[in-house]
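For reference, the structure is listed below as structure tokens.
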């Protein structure tokens, strides 16, 4: 059972990458691949060619087909990302926009209605937040992110929801509290995948 960990942060020394590498090490010797979309230069722009792909449910661009092949047969997908403007970074959103499309992640034009194709995949989220949990709760940010990603993407494609483990106060000067939050998130997701 393969696990794919996907990050979207331009700084290889970021907390995002630190958390992803920590999870990768925890999961070894299981089969795990760590994907750094920024380092790989994935193009997140949804073009006319992508619109065509969506409309016909196929005819995937080579870079999109390569990502879909990388995901085929994966049991667990873990998205590790910083929260930018109460959402995921544009690079990660563009990866989803281009890769999780009609003809692969789902089929919109089937006789029985829409078919959700990612039923064998469990998707986990590790959003990294600068603010504390109280701010997210007070303003509904956590619920907004959960609705957008868990319901709007994961459920839509038929993937099973795994864990969503926020790492709060990522910019806090309290290094001990930050490390505790990181360890809690990584351990929970790692144990879920390992069971």
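Readers should treat all values here as calculations from the given coordinates under stated rules, not as data from a laboratory. Just so we're clear, the structure is a prediction, and the values are computed from it rather than from any experiment.
Pairwise Cα separations in the stretch 2-194 fall into 10 Å bins from 0 onward with the following percentages, short to long: 9, 36, 37, 15, 3, 0. Between helix 175-194 and the chain there is an angle of about 40 degrees, using the helix long axis and the longest principal axis of the Cα atoms. Between the stretch 29-64 and the stretch 173-195, the alpha-carbon centres lie 29 Å apart.
The long axis of helix 62-71 is offset from the longest Cα principal axis of the chain by roughly 60 degrees.
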